[in-house]
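The values are calculated or read from the model by the stated rules, or taken from the named source; none is laboratory data. All figures in this text were calculated on a predicted structure; none of them were measured in a lab. Heads up, the Cβs are rebuilt from the backbone with ideal geometry, glycines too, and the neighbour counts pull from every protein chain shown.
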Amino acid sequence: MDLNEQHYTLTINSPGRINLIGEHTDYNNGFVLPTAIDKKIQFKFKKNGTTDTCNVYSKNFDTSFTFNLNNVKPSEQQWENYILGVIYEIQQLSDKLAGFDCIFTSDIPVGSGISSSAALECGIAFGLNELFELGLPRITLVEIGQRAEHNYVGTKCGIMDQFASVMSKAGHVILLDCQSLEYEHVPIHIKPYKILLLNTNVSHNLADGEYNKRRSLCEQGVAIIQKQYPEVQSLRDVSSEMLAEFKTVFTEDMYNKCTYVVEEKTRVLDSVEALKNDKLAVLGANMYATHDGLSNLYEVSCEELDFLVDFSKKYDTIIGARMMGGGFGGCTINIIHEDAVEDFIAAASEAYFNKFNIKLTAFEANPSEGTAIVL
Ligand code: GLA
């Protein structure tokens, strides 16, 4: 494959995302509050003149693979499935793809809960849409990314990550209604506070299976509620009072999972109002409450994440913190006063290393533009 980047005609930036609040609500038709950030995968694309041969090279891993458009099927190499899955989904909608070469490089830490996978899926979809003038709207690219993850990667994810990666606007978060896909870009004015991510640098395996298990428990809960309330389509339609009626019918595990989701729905809407009215303390308190729910009811946290959130609680300069993303590792998100950032990182890193013998990485996240062509 041609590795001379000068020959490539199209450059695309595809960002990772954060989520202020609204975790594990997307596949329950609830609300989320994510945005793209200034960490991204950069792709270079070109047509290679063949009708069906495609080459993809990852600079970070210094590894490439070749596939044929007439024979797209899942690979044993999981990272290839993020790409092959997108190709497969595009082929369900268009016959305009032809041979191409693609080189990409990433500064999104893998497994850190800021969606390097959505950035990969959506960057490929966006790039091929441009290169071959497929004419697919952004929302279709988002859905292609999500379906690739379901059908080729095997995680039954919601739509938040792909939506945030593609649809974000700099300086804003997106209030997304995951049922109707209606959305609003909400300006985020939090100065003198900053968004700081602490990466545990752990990513406990089995996470995908655990993710799908929770999704299924929520769906089983809905199926039981539906027998009494046929109008209920998802946990979105369930109030705390309604759920309480099922306390003795559900298993404890199912009840806890559904309780978390129903409570989180309210916290997101409350937090958006707070953000719009500059009531950061309310947002912060909700973030801590979300962490509590994710840790104790939804059970997707881990020792390392809990440790960091507890550590943050000791600081008045931190308004709120919680684990972010699917869980079982990855990052905490912290809203912290700009003057406190440096000292806090030093203290948290030391405490974390003393406890786990693992190095913490910390970085600020700035709400940024979604997937875009680099001119
Ligand atoms: C992962 C999934 C998302 C969402 C989050 C949890 O990032 O890809 O769809 O469910 O977990 O909020």
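Observations
- Residue that is farthest from the ligand (Cβ to nearest atom) [pool: residues in the stretch 15-40 that are more than 17 Å from G284 (Cα to Cα) and of a type in the set (D, E, K, R)]: D38
- Scope the stretch 110-135; condition away from the ligand (no atom under 14 Å from the Cβ) and either surrounded by 19 or more Cβ atoms within 10 Å (Cβ to Cβ) or assigned to a helix (DSSP H, G or I) (or both); matching residues: G123, I124, A125, F126, G127, L128, N129, E130, L131
- All positions within the stretch 136-172 that are touching an Asp or Glu at 6+ places or on another chain (Cβ under 6 Å) and within 16 Å of the ligand (Cβ to nearest atom): I144, G145, R147, A148, T155, C157, G158, I159, M160
- The residues of the stretch 95-109 that are more than 26 Å from F363 (Cα to Cα) and either in a helix (DSSP H, G or I) or acidic (D, E) (or both), listed by number, are D95, D101.
- With respect to (1) within 16 Å of the ligand (Cβ to nearest atom); (2) buried (at least 24 other Cβ atoms within 10 Å of the Cβ); (3) among the aromatic types (F, W, Y), the lone exception for F43 is condition (1).
- Candidate set: the stretch 226-243, residues that are assigned to a loop (DSSP other than H, G, I, E, B) and of a type outside the set (D, E, K, R); chosen: the one nearest to the chain's Cα centre (by Cα): S234
- Odd one out for N68 among (1) within 24 Å of Y183 (Cα to Cα); (2) touching a strand residue (DSSP E or B) at 6+ places or on another chain (Cβ under 7 Å); (3) without any contact (Cβ under 8 Å) to a residue 24 or more places away in the chain: (1)
- Helices (runs of 4 or more DSSP H) (entirely within the stretch 244-347) containing at least 1 residues that are under 30 Å from Q233 (Cα atoms) and of a type in the set (F, W, Y): 252-276, 280-296
- Any hit, the stretch 173-185, residues being closer than 30 Å to S94 by Cα, touching a Pro at 6+ places or on another chain (Cβ under 9 Å) and either modelled with pLDDT under 95 or within 16 Å of the ligand (Cβ to nearest atom) (or both): yes
- Residue check for T200: in contact with a strand residue (DSSP E or B) (Cβ under 9 Å, 6 or more places away or on another chain), hydroxyl-bearing (S, T, Y) and either touching a residue at least 40 places away in the same chain (Cβ under 8 Å) or assigned to a helix (DSSP H, G or I) (or both): yes
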